[in-house]
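Comments concern the structure below.
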């Protein structure tokens, strides 16, 4: 037995279902949890994808670097502490590419929580090539970055465009 609905009825039914869904779906973050957690996802062409908390980063060998770079507000001079990007790649088992010279064939896309992304060459940070001491910092001038999130530090850059704040992902491509 087929039931036919008046033309407007299906639209009312759909609207009712949508309203019901809006009021019954649980929020992604409970009220008693912080809105943001600081963790770094290392994925892409690595042997073992990793999600590292700030505590996990603290357990890795730390480096400290003094930097100076231009911003729209003038020169910023700071001392940062964190983990070298190359060390983080090692932590993820290295680049998943058996080809000779693989460290020269890839890029790392580094993304902030707001979607801001920069790309660097793996050759730029590979110890046997560029050797740049680029890092994911968790401390600035002796103070934890905390709610500001993790930050990419690119020593030698004259401008701060690659000093990404609130980093959440490092993807090897």
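Taken together, the values in this text are just the output of simple stated rules run on the coordinates, not laboratory data. Being a predicted model, the structure only gives us computed values, none of them experimental. As a convention, Cβ positions derive from the backbone with ideal geometry for all residues, glycine included, and neighbour counts pool all protein chains shown.
Overview of values
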| read-out | value |
| --- | --- |
| Mean Cα-pair separation over length for the stretch 37-153, i.e. relative contact order, pairs under 8 Å, 6 or more apart, % | 24 percent |
| For 116, 163, order by how many other beta-carbon atoms lie within 10 Å, fewest first | 116, 163 |
| Overall form of the stretch 107-157 per C-alpha gyration tensor (a/c, 1.5; a/b vs b/c) | oblate |
| Calculated log₁₀ intensity ratio I(q)/I(0) where the Debye formula runs over C-alpha points of the stretch 35-85, q = 0.18 Å⁻¹ | -0.79 |
| Relative contact order (%) - criterion: Cα under 8 Å, at least six apart; region: the stretch 86-166 | 22 percent |
| Tensor-based shape of the stretch 57-173 (alpha-carbon gyration tensor, a/c under 1.5 rounded, otherwise prolate or oblate) | prolate |
